[in-house]
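Here is the structure we will look at.
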Amino acid sequence: MTLRQLRYFAVLGEELNYRRAAEKLFITQPALSTAIKALEHQFGVVLFHRNTRVVALTDLGAAWLPQVQQALAGVDAVIDNLVMLSGTRRGVLRVGYLIGTGADLLFRLVRHFEAAYPDVVVEPIEFDFADPTAGLADGTTEVAIIRPPVDLPDHRMLILDSESWVACLPRDHRLAQRAEVAIAELLDDPIVCAPLTAGTWRDYWLAMDVRGNRPPTIAAVAATYEAETTAIARGLGISFTTSSVARFYDRPGIAYVPITDRPPSQTALAWRPSDLTPQADALVRLVQAQWSFGDPDLPDHH
């Protein structure tokens, strides 16, 4: 069996019309018919029902078609990877980022990457708090800018930046006018938090590590900063966040107060080494080089 025979079968199976399939394959109808009959004869099977009016897949043909399509897609991907590995990188790179996390940083990285690899189309994809892995956990994205900690034991991370914790408070909160606060002063306040699907990331922003036997009182669940700050402006509770969020999501009815005694929150580029496509590998290497040698157009890193 040859790849050509598989492609002929797949196209005819999709079109169910010899004329259209032959046109799509740039061959004649008799050549397509001969190839399909040879394939069937080779294995002693019938893949198509034929008469003068219609072409239909047999039960066997219908069961085999998706497997052939998957196999051909894999072959196409392998060929694309050969082209890219040879130095001409083409294709699409899906880069995830967590909402409100490093969006400005992401677009600087994308600009640098596209300048170095103009044949690669970069698709930035934004994720809300329901998936703080920004698509890495289920393979939606290949690399992502995230804010650890996240449940990604098989991934590697490159720390890009770090920020201090701040408390997001209703404007009339008892500590809203303070210049700074300690985390313990806010542990009894109702808190607006991420969905349960956020896992360890949700626990991190609930400050579970310092609560001991004082479980949090959940005031509301929010998957975006807009929803979070709206709930806080309504006076439902407080939240813990970062200094950049305080810049990007300031609004009437809330106040941001620095927290003095929390380790910095980090922003990182994350990827799974075993699954890197050539495009993703190129991005990782580019970022690693920039962070090793410095780049005047990227933020200071820590």
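The values are calculated or read from the model by the stated rules, or taken from the named source; none is laboratory data. All values derive from a computational prediction rather than experimental measurement. When we count neighbours, we look across all protein chains shown, and the Cβ atoms used for this are built from the backbone with ideal geometry, even at glycine. Note: areas computed on protein heavy atoms with side chains; ligands, DNA, RNA excluded. Shrake-Rupley method; radii C 1.70, N 1.55, O 1.52, S 1.80 Å.
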For the stretch 138-296, the dipole about the Cα centre with charges only on Cβ (Lys and Arg +1, Asp and Glu -1), to the nearest 20 debye, works out at 340 debye
For the chain, the charge dipole (Cβ of Lys, Arg +1; Cβ of Asp, Glu -1; about the Cα centre) points to a positive end, and the Cα of Leu93, Ile27, Ala207 closest to that extreme belongs to Ile27
In terms of the charge dipole of the chain, which places +1 on Lys and Arg and -1 on Asp and Glu at the beta carbon, the residue among Thr242, Ala176, Trp271 farthest towards the positive end is Trp271
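With a 1.4 Å probe and every protein chain kept in, tell me what percent of the accessible surface of the chain is carbon plus sulfur.
Solvent-exposed carbon and sulfur of the chain make up 54 percent of the total.
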Expected vector for the stretch 58-74, Karplus 3J(HN,Hα) from phi with 6.51, -1.76, 1.60 and θ = phi - 60°, integer Hz, x for Gly and Pro, equals 6, 4, 5, x, 5, 6, 7, 4, x, 5, 5, 4, 5, 5, 5, 4, x
In debye to the nearest 20, the charge dipole size for the stretch 165-258, taken about the Cα centre with +1 at each Lys and Arg Cβ and -1 at each Asp and Glu Cβ, equals 100 debye
Treating only Lys and Arg (+1) and Asp and Glu (-1) as charged, each at its beta carbon, one finds that the chain has a dipole about its Cα centre, in Debye to the nearest 20, of 980 debye
Applied in sequence order to the stretch 212-217, the curve 6.51 cos²θ - 1.76 cosθ + 1.60 (Karplus, θ = phi - 60°) yields integer Hz couplings, x standing for Gly and Pro, of x, 8, 10, x, x, 9
Taking the square root of 5λ for each eigenvalue of the C-alpha gyration tensor of the chain, the equivalent ellipsoid has semi-axes, largest first and in whole angstrom, of 54, 23, 15
Computed over the stretch 1-74, protein heavy atoms only, probe 1.4 angstrom, the accessible area per residue in square angstrom equals 62 Å²
